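Worksheet: one structure, shown below.
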Amino acid sequence: MPIPIAFSLLPLLIVVTTFPSSSAAATAAPAVPQPRGLHMNCGADKELHIGSIKWVPDAAFIAVGNASSVNKPSVLPVLSTLRHFPDATARKYCYNIPAAKGSRYLVRTTYFYGGADDPPVFDQIVDGTLWSAVNTTDSARRGMSTYFELVAQAQGKSMSVCLARRNDTTSSPFISSLEVVTLEDSMYNATDFGKFVLSTVARNALGTKGDIFSYPDDQYSRYWAPFMDGNPTVESHTAISPADFWNQPPPKALKGGLTTSRGKNLTVQWPPLELPATSYYVVFYFQDSRTASPYSWRVFNVAVNGKDFFRGLNATAAGVMVYANMMQLAGKTEILLTPNETSPVGPLINAAEIYQIVPVGGRTATKDVVAMEELARSLKNTPPDWAGDPCLPPQNSWTGVKCSADAPVRVLSLDLKNHSLSGSLPDSFGNLTGLNTIFLSGNKLSGPIPDLSNMQSLAALHLDDNQFSGAINPSLGVLVNLKELFLNNNNLSGQIPLVLKTKPGLVMKIEGNKLV
């Protein structure tokens, strides 16, 4: 039984990988094509080109927040600006990124705090799933930036990446950069992305030294960190073909490896951190470092924490990938490679990835999401958190929106009295068939009242003290549960539908209009 996300992720992501924020650590990338996906330089006012990557300003993807510069010398250009969110009234602050429904994406958020005060602590959310807490205190103390990665599937034609305040802190969220990279359908496909997302714990090129590498070595912009221990290292003489692996690791990730002498076991303590007890996706990559030969082979068994992972693995020059999904791990992890008695050379391992498996936090009914998004576009001066999933996570639903707890999640109530709203109600407003109550009194809404005949659960409709015009829509008369209809002080005209006049149990207020 999975433990709650809020508790299982926090201990893990405090130790998320960090990398230098100084421009002295940056190296020029070769002139290669722009990588797939979207790379946002948050808070920037113009495009930034670093090697072949075009970093675009984030203003086109978010409607809230303030852009600021980081007053630190020699900081990387992409970390020299940020967007922060001081509005304490909002439940979340969301980026909306165009996506292809059902496609798989790598989402990476990066944070570099250049302030003098303690860095803020806040949550990050992808679509309706609470991803993790963000606490950059340790990395800020060391002048480092912190990044988080997630592999997720788009639920619709867009993905939302949101930041949200926590109840236990008063600090304002911020973000330095946001990347959303398209992955191939084969990648990490042992995971049911309809039910889970993968949160990166570690991704390492074993037996290598140097800096973290990414694009252009990895065409999917994944970060690969070097990993060394006390074991001997080896360098491969044969390049792999990434297309031969589901996850398409870059050849550079398998260039080095950890090994040992013939007949000896190889023990590797990896990943280099203690894991909270939960489920993980684990994948290992192996490649024989020697030139292919029919007279020499590497065959060994693979175990993790004393349990069989794979038996009789033959690490060929072409490379082999083995993985486990829903693997239960906790604390320190030990990989043991035991050679076959007839193998003329010792075992080796070249690269490894581990992801925490995070249950998807539910989904708001698609028709409700679409209708609420259209409503947000039709209204002006909506609350600043009206972006992302309207209902999820429950503690971060849109201001004025209440939703059901059971799946499929439905919008049940809309309460935005006296919010200085203007604009009109779109025809699709009637598709919110789960609504019980609508309280929009005291705004400047105009236009006709749309057809609401499909809202059979609606019990109270308060549209008083607005600027609605036209006739009262007769569809209101077929709402069997409607008990309160407040339309007073608008610009409505025409006749009052007889079905409303004679509706038993209905409390109706219509004064202040031009009705007969």
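The values are calculated or read from the model by the stated rules, or taken from the named source; none is laboratory data. Note that the coordinates shown come from a computational prediction; the quantities given were computed from them, not determined experimentally. Cβ: placed from backbone, ideal geometry, glycine included. Neighbour counts: every protein chain shown. We work out accessible area using only protein heavy atoms, side chains counted, and drop any ligands, DNA or RNA first. Shrake-Rupley method; radii C 1.70, N 1.55, O 1.52, S 1.80 Å.
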Query raised in the report: Quick one: LEU435 ticks every box in (1) open to solvent by less than 10 Å² (accessible area, probe 1.4 Å); (2) closer than 30 Å to SER199 by Cβ bar one, so which box is it?
Result: (2)
Report task. Mind counting the residues in segment 460-516 that are within 20 Å of LEU414 (Cα to Cα), in contact with a Phe, Trp or Tyr (Cβ under 9 Å, 6 or more places away or on another chain) and either outside the structural domain of LYS444 (by the TED database) or aliphatic (A, V, I, L, M) (or both)? Result -> 6
Query raised in the report: In segment 219-261, which strands (runs of 3 or more DSSP E) lie fully inside it and hold 1 or more residues that are in the same structural domain as VAL299 (by the TED database) and over 18 Å from PRO272 (Cβ atoms)?
Result: 233-235, 256-259
Report task. Among the residues of segment 158-180, count how many are in contact with a Lys or Arg (Cβ under 6 Å, 6 or more places away or on another chain) and either among the small types (Gly, Ala, Ser) or farther than 15 Å from VAL64 by Cα (or both). Result -> 2
Report task. Report whether or not GLY477 is crowded, with 17+ Cβ neighbours inside 10 Å and either part of a loop (DSSP other than H, G, I, E, B) or under 36 Å from the mean Cα position of the chain (by Cα) (or both). Result -> no
Report task. Would you please name the residue that is most open to solvent (accessible area, probe 1.4 Å), looking only at residues in segment 60-83 that are over 26 Å from ALA152 (Cα atoms) and in a strand (DSSP E or B)? Result -> SER69
Query - Where VAL411 falls short, out of the listed (1) within 27 Å of the chain's Cα centre (by Cα); (2) surrounded by fewer than 22 Cβ atoms within 10 Å (Cβ to Cβ) - result: (2)
Query raised in the report: Hey, does segment 286-303 have a residue that's assigned to a strand (DSSP E or B) and out of contact with any Ser or Thr (no Cβ under 9 Å at 6 or more places or on another chain)?
Result: no
Query raised in the report: Is there any pair with a first residue in segment 496-516 that is in contact (Cβ under 8 Å) with a residue 24 or more places away in the chain and a second that is charged (D, E, K, R) and surrounded by 10 or more Cβ atoms within 10 Å (Cβ to Cβ) whose Cβ atoms are under 7 Å apart and which are 6 or more apart or on different chains, and what are they?
Result: LEU506/LYS483; VAL507/LYS483; VAL507/GLU484; LYS509/ASP464
Report summary line: The correct count of residues that are within 25 Å of the chain's Cα centre (by Cα) and over 15 Å from LEU38 (Cβ atoms) in segment 51-68 is 6
**Report entry** Residue under evaluation PRO250, criteria (1) touching a helix residue (DSSP H, G or I) at 6+ places or on another chain (Cβ under 9 Å); (2) open to solvent by less than 10 Å² (accessible area, probe 1.4 Å); (3) within 22 Å of GLY230 (Cα to Cα), criterion not met
**Finding:** (3)
Query raised in the report: Failed condition for PRO86, given (1) without any contact (Cβ under 8 Å) to a residue 24 or more places away in the chain; (2) part of a loop (DSSP other than H, G, I, E, B), with all others met?
Result: (1)
Report task. Say whether the condition of being within 22 Å of SER424 (Cα to Cα), open to solvent by 30 Å² or more (accessible area, probe 1.4 Å) and not β-branched (Val, Ile, Thr) is met by at least one residue in segment 496-506. Result -> no
Query raised in the report: Looking at ASN443, is it in contact (Cβ under 8 Å) with a residue 24 or more places away in the chain, within 16 Å of ILE510 (Cα to Cα) and crowded, with 17+ Cβ neighbours inside 10 Å?
Result: no
Query raised in the report: When segment 92-116 is examined, which residues are found to be buried (at least 17 other Cβ atoms within 10 Å of the Cβ) and either more than 17 Å from the chain's Cα centre (by Cα) or at pLDDT below 95 (or both)?
Result: PHE112, TYR113, GLY114
Query raised in the report: Looking at segment 305-371, what strands (runs of 3 or more DSSP E) fall wholly within it and have at least 1 residues that are surrounded by fewer than 18 Cβ atoms within 10 Å (Cβ to Cβ) and out of contact with any Pro (no Cβ under 7 Å at 6 or more places or on another chain)?
Result: 307-314, 320-331, 334-339
Query - Selection within segment 184-218 - surrounded by fewer than 16 Cβ atoms within 10 Å (Cβ to Cβ) and within 21 Å of the chain's Cα centre (by Cα) - result: ASP185, SER186, ASN189, ALA190, ASP192, GLY194, LYS195
Query raised in the report: How about segment 173-183: which of its residues are open to solvent by less than 10 Å² (accessible area, probe 1.4 Å) and either without any contact (Cβ under 8 Å) to a residue 60 or more places away in the chain or not hydrophobic (A, V, I, L, M, F, W, C) (or both)?
Result: PRO173, SER176, SER177, GLU179
Report summary line: Exactly one of PRO450, PRO390, PRO383 is assigned to a loop (DSSP other than H, G, I, E, B), in contact with a Phe, Trp or Tyr (Cβ under 8 Å, 6 or more places away or on another chain) and touching a residue at least 40 places away in the same chain (Cβ under 8 Å), and that one is PRO383
